[in-house]
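The values are calculated or read from the model by the stated rules, or taken from the named source; none is laboratory data. What you are looking at is a predicted structure, and each value in this text was computed from that prediction instead of being measured. Cβ placement follows ideal geometry from the backbone for every residue including glycine, while neighbour counts extend to all protein chains displayed.
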Amino acid sequence: MFAFAVIVVVSGGACASFAAPKPKDQECLACHGDKTLTTTENGKTVSLYVDSDKFKHSTHSRLFGCVDCHTDVKEAVHTTTPMKVECGTCHEKEQAAWQGGMHARDKSKGATCVDCHGDAHEITGGGDPKSLVSHAMIPATCGRCHGQKFVVGADGVSAQTYMNYQESVHGKAIANGSTKAAVCTDCHGDHEILAANNDKSPINKFNVPQTCGKCHVQISQTFMQSIHGQGIAKGNGLAPSCTDCHGIHSIKSHLDPNSSVSEQNVARTTCARCHEGVRLSQEFGFAGNRESTYLDSYHGLATQGGSVVVANCASCHGVHNILPSSDPRSTINKANLDVTCGQCHKGVTQKFTQTKVHMDSGVSKDVGSIVVKWIRWIYLLLIFGVIGAMALHNGIIWRSKTAKIRAMQNPMMTRMSTNQRWQHLVLLTSFIVLVLTGFALKFPHSWFAQVLALGEITRSVTHRVAGVVLIAAGIYHVIYLAMLAEGRRLIRDLTPRPKDVTDAWGTMLYHLGLRKDRPQFGRFTYGEKAEYWALVWGTALMGLTGIMLWAKVWVGNLLARWWVDAATAVHYYEAILATLAIVVWHFYQVIFDPDVYPMNMAWWDGKMPVEKYKHEHGADVETLKNEGEGKME
């Protein structure tokens, strides 16, 4: 009886299994082939439609049936939505790798299997050109997130990297149909995407040579033997890796003028970042100032002039095979210099190559540098001594001749009072100091900044003192205009009038030969009035913006930081405008005008020839009347 019962139970189970076979794909697609089939998840409508044609050609359909993935579906007709399929059920290795990568850290934002491979019902292998993970499609697939600022920007990831890749030599090659050019997964990996600061990441600084070496085998091997590669192998974070010179996503051909390793940029942009300053010289005892001494040489000057054939850093030191001069394999080893230099200078011998390329103004102890040092000092003394003596000689003659010319111009009249001359002198001095010390900050490598050689603290203090003096002079001038009769008359005579417009037009016609008689001006010409009011405007504006920059923290807290930025821009461009106005307009009026050359000396002694005044200011009835009362000299 017991045996019979067992047989019945087993048979019954077998019959039950046979009676309920797993649903076939056709049965599933009978419903899921309907585009209107939907469900609701978390309050959102989700489509349950499966494209039967795409599913038929997918990788999964050739290997599995629907219920092989949707294992909880026992019958074709089911009332509950099947559980979400976990890809890791089959793809355990890939799932584990993904779990250890950056994409899995934030599952609400990070890329999942479906984001990269597409809908599970339509997945095709990487060999399919239309596959989202095919070699040609990888950049576009990654770019769906990494090319959208609103997707990756919130996490501090720049969307510019994808744009840069598209314009890089790799991106352009892929766009042109290359099947070998590097795509995102070649450098970053596929499932286990790790951050660059992770020791296991293929884009970690110390792993980059091996990563690039997957394609650039010979170059990688050469690089690892170089001084840079040796530094990377020893874990020296200051040693450059491939991306330090070539860039990361924006890698361009060395023939591209925008490339960091192009002929025009390799010295200034790439090598100088390490070899110009103290970054290496203090840490490892390497020589600094390599860029500046190169740029001072013929090679450097020609490069700055646009030459693309003159020698740059790589021409002498090599590209990937850079070695110290002490290494017999180095292109700059003494035994190899005749070959290296001979690439451009045919027929050179070792005597020619003994001369240093980076002349350090005597810092080095070789004979050539010492000789250059002494020549430099001798000529500096000659330049200052000879040219200074010439200037003194000509200055004495100029002063004597000018004094004689003015002595022949009697009678003279007072054009500027003592008070006005002192105001002009203070304004002149403070303005020149402000121009020199202000532009020395903006152009620290300019000749006048080098001549001043003040240092930032001294420069800034001097600039501020001159600014205070200029503002004080402006305040005094306002008081002068209001309190003194001389000042009140000055402002009255400088007030613009409609006649100034007609005078300007008439002057142009006269000097163009279209009018016979020249206009008669009052005490001040239209040009002098325009210059005065431009001075008032400029002084007020420069003073206001200067105070704002001096008290930038207070201003930024009171108003907003952009007010400080706006004040900086106004201060800079107004300074350019004022300086050019002085040079082009004022200097012509008081120096280069043939009628006053070599100089209008009124600023010094306040005098002006009466005949010249009558000629230029014949409409000034009041002053001419005073002349008749004996107020002229």
Item checked: Matching residues in the stretch 566-617 - criterion: being in contact (Cβ under 8 Å) with a residue 12 or more places away in the chain, within 25 Å of Thr437 (Cβ to Cβ) and either of a type in the set (A, V, I, L, M) or touching a strand residue (DSSP E or B) at 6+ places or on another chain (Cβ under 9 Å) (or both) -> Ala567, Val570, Ala575, Leu577, Ala578, Ala581, Ile582, Val590
Next item on the list: Output the number of the condition that Phe439 fails; it satisfies all remaining conditions of (1) under 30 Å from Glu611 (Cβ atoms); (2) out of contact with any Pro (no Cβ under 8 Å at 6 or more places or on another chain); (3) not acidic (Asp, Glu).
Entry: (1)
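Yes or no, residue by residue, for (1) in contact with a Pro (Cβ under 8 Å, 6 or more places away or on another chain); (2) modelled with pLDDT of 85 or more; (3) surrounded by fewer than 12 Cβ atoms within 10 Å (Cβ to Cβ):
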{"residue": "Ala16", "(1), (2), (3)": "no, no, yes"}
{"residue": "Asp34", "(1), (2), (3)": "no, no, no"}
{"residue": "Leu63", "(1), (2), (3)": "no, no, yes"}
{"residue": "Ala97", "(1), (2), (3)": "no, yes, no"}
Notebook entry, point to check: Going by the conditions given, is Ala97 more than 20 Å from Tyr49 (Cβ to Cβ) and not in a helix (DSSP H, G or I)?
Noted result: no
Notebook entry, point to check: Yes or no: Gly513 touching a residue at least 12 places away in the same chain (Cβ under 8 Å) and either more than 30 Å from Ala440 (Cβ to Cβ) or in the same structural domain as His617 (by TED's automatic domain parsing) (or both)?
Noted result: no
Checklist line | Any hit, the stretch 390-399, residues being touching a helix residue (DSSP H, G or I) at 6+ places or on another chain (Cβ under 9 Å), surrounded by 12 or more Cβ atoms within 10 Å (Cβ to Cβ) and part of a helix (DSSP H, G or I) | finding: no
Next item on the list: Give the residues of the stretch 285-326 that are farther than 21 Å from Thr269 by Cβ and free of Cβ contacts under 8 Å to residues at least 40 places away in the same chain, sorted by residue number.
Entry: Gly285, Ser325, Ser326
Item checked: Hey, Val584 in a loop (DSSP other than H, G, I, E, B) and either in contact with an Asp or Glu (Cβ under 6 Å, 6 or more places away or on another chain) or more than 20 Å from Arg464 (Cα to Cα) (or both) or not -> no
Note to self: Any residue at all in the stretch 502-525 that's over 46 Å from the mean Cα position of the chain (by Cα), exposed (fewer than 14 other Cβ atoms within 10 Å of the Cβ) and β-branched (Val, Ile, Thr)?
What the structure shows: yes
Next item on the list: Would you point out which residue out of Leu434, Leu441, Leu454, Leu425 is in a helix (DSSP H, G or I), aliphatic (A, V, I, L, M) and surrounded by 15 or more Cβ atoms within 10 Å (Cβ to Cβ)?
Entry: Leu434
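The rows are residues; the columns are (1) of a type in the set (Asp, Glu); (2) more than 20 Å from Ala239 (Cα to Cα).
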site: Gly171; (1), (2): no, yes
site: Asn176; (1), (2): no, yes
site: Ala182; (1), (2): no, yes
site: His188; (1), (2): no, yes
site: Leu194; (1), (2): no, yes
site: Asp199; (1), (2): yes, no
site: Val208; (1), (2): no, no
Notebook entry, point to check: What tally of residues in the stretch 54-82 results from selecting those that are in a loop (DSSP other than H, G, I, E, B), under 19 Å from His121 (Cα atoms) and either under 53 Å from the mean Cα position of the chain (by Cα) or among the β-branched types (Val, Ile, Thr) (or both)?
Noted result: 5
Notebook entry, point to check: Is the stretch 234-256 home to any residue that is surrounded by 14 or more Cβ atoms within 10 Å (Cβ to Cβ), within 18 Å of Met137 (Cα to Cα) and in contact (Cβ under 8 Å) with a residue 12 or more places away in the chain?
Noted result: yes
Notebook entry, point to check: Which of (1) closer than 30 Å to Phe443 by Cβ; (2) among the β-branched types (Val, Ile, Thr); (3) touching a Pro at 6+ places or on another chain (Cβ under 9 Å) is the odd one out, the single condition Thr502 does not satisfy?
Noted result: (1)
Check: Just one of the numbered conditions (1) closer than 19 Å to Asp68 by Cα; (2) in a loop (DSSP other than H, G, I, E, B) is not true of Gly88; which one?
Finding: (2)
Notebook entry, point to check: Looking at Phe223, Phe206, which is the one that is out of contact with any Asp or Glu (no Cβ under 6 Å at 6 or more places or on another chain), farther than 21 Å from Tyr165 by Cα and surrounded by 19 or more Cβ atoms within 10 Å (Cβ to Cβ)?
Noted result: Phe223
Notebook entry, point to check: Checking Trp447 against (1) surrounded by 17 or more Cβ atoms within 10 Å (Cβ to Cβ); (2) free of Cβ contacts under 8 Å to residues at least 40 places away in the same chain, which test does it fail?
Noted result: (1)
Margin query: Could you list, ordered by first residue, the pairs with Cβ atoms under 7 Å in which the first is in the stretch 460-478 and farther than 17 Å from Asn419 by Cβ and assigned by TED's automatic domain parsing to the domain that holds Pro444 and the second is outside any helix (DSSP H, G or I) and at pLDDT below 95, at least 6 apart or interchain?
Written below: Thr462/Leu454
